[in-house]
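Report on one structure; see the data block that follows.
The values are calculated or read from the model by the stated rules, or taken from the named source; none is laboratory data. A quick note: this is a predicted structure, and the numbers were derived from the prediction, not measured. Backbone-built Cβ (ideal geometry, glycine too); neighbour counts: all protein chains shown. Only protein heavy atoms, including side chains, enter the accessible area calculation; ligands, DNA and RNA are left aside. Shrake-Rupley method; radii C 1.70, N 1.55, O 1.52, S 1.80 Å.
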Amino acid sequence: MPKEGLLHGASGMISVPSTVAVIEHAVHGLILFDTGINHRVADPEAADSYWGVGLRAAYGAQAFTREHAIDAQLDRLGYRLSDVKYVIYSHLHLDHAGGMSYFPEAVHVVQHDELRHAWWPDRWTARGYAFNDYRDTRSYNFLELAGDTDLFLDGTVTVVRTAGHTPGHQGIILNLAHQERIAFMGDAAPWRRRAARSGRRRRARPGTASLGWRRDRRRCIRGRA
């Protein structure tokens, strides 16, 4: 894809992976951040039916294979789908929420605004979402957030609202005992150079991550009707 799509003023082309983070939490078990692209997109004909005609090529997903899908990747790592206890979504675009249906028993963590927008997007943003990713998930256990949240009330996983790319975009900051603090920011900062620019525009405050995010404001709406 053109670099300009990720960083204003950049030139040339760049290959962008569809990233999923697999997090082993000592107390709360296996956590995913995003679920990547659905396995059906690996087949050109199935992709036209699942995403829409021509979108596989439009989004540059021709190199995506069945082995790249999150269910296959977890199997390669020795995990079962049922091992996943929480799935946290940066947002619900088709390259981030494609594996939602693989995890019917997990808790799905998403901003309330994002979930509403995915189910009824604005016309000009609609093609970024694949309704097939979540059409059969109405009975799933969604933890719908309304802002920044200390997810487990212990500081280990902080969800930060980063609306802009989508109405309910969010990232996470991990503060685990065996690692330095790590942030996954989805499409708010998909490229290190872009994250560095964002960091220079923000002044970090004591007790926060380097990008200056607010923490520990727990306001959420549990479950869905």
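Inter-label distance, ARG138 to TRP124: 3.1 nm, where each label sits 7 Å from its Cα along the C-beta direction. Multiplying the residue separation of VAL53 and TYR79 by 0.36 nm and subtracting their alpha-carbon distance yields 6.0 nm. Of the peptides 174-185, 77-88, 99-110, 28-39, the order by per-residue mean of other Cβ atoms within 10 Å, starting with the highest, comes out as 28-39, 99-110, 77-88, 174-185. One quarter of the convex hull surface built on the alpha carbon atoms of region 1-139 amounts to 9.4 nm², the projected area averaged over directions. Computed over protein heavy atoms with a 1.4 Å probe, the carbon and sulfur contribution to the accessible area of region 33-116 reaches 50%. Computed extension length for ALA63-MET13: 16.5 nm, one decimal, from 0.36 nm per residue of separation with the Cα-Cα distance subtracted.
For region 153-166, 3J(HN,Hα) computed residue by residue from phi via the Karplus equation (6.51, -1.76, 1.60; θ = phi - 60°) reads 6, 9, x, 7, 9, 10, 8, 10, 6, 10, 4, x, 4, 9 Hz, glycine and proline entered as x.
What does the extension gain come out to for HIS178 and ALA72, with contour length at 0.36 nm per residue minus their alpha carbon separation?
Details: separation 106, 0.36 × 106 = 38.16 nm, distance 2.68 nm.
In short, 35.5 nm is gained.
Using the Cα gyration tensor of region 63-143, with a ≥ b ≥ c the square roots of its eigenvalues, what is the shape: rounded (a/c below 1.5), prolate (a/b larger than b/c) or oblate (neither)?
Details: a/c = 2.44, a/b = 1.41, b/c = 1.74.
Oblate is the answer for region 63-143, as a/c is 1.5 or above yet b/c matches or exceeds a/b.
Computed from backbone phi, the HN-Hα couplings of region 40-55 come to 5, 6, 5, 9, x, 5, 5, 5, 4, 6, 7, 8, x, 4, x, 6 Hz, rounded to whole numbers (Karplus: 6.51 cos²θ - 1.76 cosθ + 1.60, θ = phi - 60°; Gly and Pro given as x).
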